[in-house]
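Q: Right, I'll just put the structure down here and ask away after.
The values are calculated or read from the model by the stated rules, or taken from the named source; none is laboratory data. Since we're looking at a predicted model, the values are computed, not measured. Positions of Cβ are generated from backbone atoms using ideal geometry, with glycine treated the same way; all protein chains shown enter the neighbour counts.
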Amino acid sequence: MTIAVGDAIPDVEVQTMGPEGPQPVKTGEALGSGKVVLFAVPGAFTPGCSKVHLPGYVQGADEILARGVDRIACIAVNDAFVMDAWAKDQRVGDKILMLADGSGAFTKAVGLEFDGTASGLGVRSQRYSCVIESGVVTQLDVEPSPGVNVSSCDAMLTRL
């Protein structure tokens, strides 16, 4: 079942890259307090994700934060090494928390996985964005078709 507005964000272990390597973090801790903008991508280094989705949020991060958002996070079904390399490639810095959902546990828990096996991707996340306030989803925008539209930074800024 897909997560919906009014639902609590699941508390699942994902990873971030720390100075010593991959570090476990619970989504309840990373996403559960304050006002958080979370966006999910099908995969690091893929064209739409690297040319539009992540760069849009990197460029718009200051404006999002100025609108009362405490944290911006990006999640993908990739490992922490890939997410770290992608963050460096995209010059994310400390603007966006990069969450590695390597096994897809969070993606499955929110019911937003898709099977890209036919394209060689395996199980990945659908592309979406959401606002989470005090651990509860207050806005959710899932892309209805390929492309970056309703989940883009520009679309998020019109809703904040």
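Q: Pull up segment 93-105, narrow it to residues that are of a type outside the set (Gly, Ala, Ser) and in a strand (DSSP E or B), then point me to the one that is surrounded by the fewest Cβ atoms within 10 Å (Cβ to Cβ).
A: Filtering first and then ranking leaves 97.
Q: Evaluate the following for residue 9: is it in contact with a Gly (Cβ under 6 Å, 6 or more places away or on another chain) and either surrounded by fewer than 20 Cβ atoms within 10 Å (Cβ to Cβ) or not acidic (Asp, Glu) (or both)?
A: So residue 9 fits the description; yes.
Q: Is there a residue in segment 68-80 that is surrounded by 14 or more Cβ atoms within 10 Å (Cβ to Cβ), small (Gly, Ala, Ser), in contact with a helix residue (DSSP H, G or I) (Cβ under 7 Å, 6 or more places away or on another chain) and closer than 24 Å to residue 22 by Cα?
A: Among the residues of segment 68-80, at least one is surrounded by 14 or more Cβ atoms within 10 Å (Cβ to Cβ), small (Gly, Ala, Ser), in contact with a helix residue (DSSP H, G or I) (Cβ under 7 Å, 6 or more places away or on another chain) and closer than 24 Å to residue 22 by Cα, which makes the answer yes.
Here is a yes/no grid of residues against (1) within 24 Å of residue 5 (Cα to Cα); (2) basic (Lys, Arg):
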{"residue": "65", "(1), (2)": "yes, no"}
{"residue": "78", "(1), (2)": "no, no"}
{"residue": "88", "(1), (2)": "no, yes"}
{"residue": "113", "(1), (2)": "yes, no"}
{"residue": "118", "(1), (2)": "no, no"}
{"residue": "149", "(1), (2)": "yes, no"}
{"residue": "152", "(1), (2)": "yes, no"}
{"residue": "159", "(1), (2)": "yes, yes"}
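Q: As an exercise: evaluate residue 77 against (1) under 18 Å from residue 15 (Cα atoms); (2) at pLDDT below 95 and give the number of the one condition it does not meet.
A: (2)
Q: Just give me the residues in segment 106-160 being out of contact with any strand residue (DSSP E or B) (no Cβ under 7 Å at 6 or more places or on another chain), surrounded by fewer than 19 Cβ atoms within 10 Å (Cβ to Cβ), of a type outside the set (Asp, Glu) and in a helix (DSSP H, G or I), in sequence order.
A: Result: 108, 109, 117, 118, 119, 157, 158.
Q: Something else: How many residues are out of contact with any His (no Cβ under 8 Å at 6 or more places or on another chain) and under 16 Å from residue 127 (Cβ atoms) if we restrict to segment 37-71?
A: 19
Q: Is segment 123-136 home to any residue that is touching an Asp or Glu at 6+ places or on another chain (Cβ under 9 Å), at pLDDT 95 or above and farther than 20 Å from residue 152 by Cβ?
A: Yes; the residues of segment 123-136 include at least one that is touching an Asp or Glu at 6+ places or on another chain (Cβ under 9 Å), at pLDDT 95 or above and farther than 20 Å from residue 152 by Cβ.
Q: Continuing with the same structure: For the structure I just gave you, tell me whether residue 1 is surrounded by fewer than 15 Cβ atoms within 10 Å (Cβ to Cβ) and hydrophobic (A, V, I, L, M, F, W, C).
A: Answer is yes for this residue.
Q: Please verify whether residue 36 is surrounded by 20 or more Cβ atoms within 10 Å (Cβ to Cβ), of a type outside the set (S, T, N, Q) and in contact with a Ser or Thr (Cβ under 9 Å, 6 or more places away or on another chain), treating the condition exactly as stated.
A: Spelling it out, it is not the case that residue 36 is surrounded by 20 or more Cβ atoms within 10 Å (Cβ to Cβ), of a type outside the set (S, T, N, Q) and in contact with a Ser or Thr (Cβ under 9 Å, 6 or more places away or on another chain).
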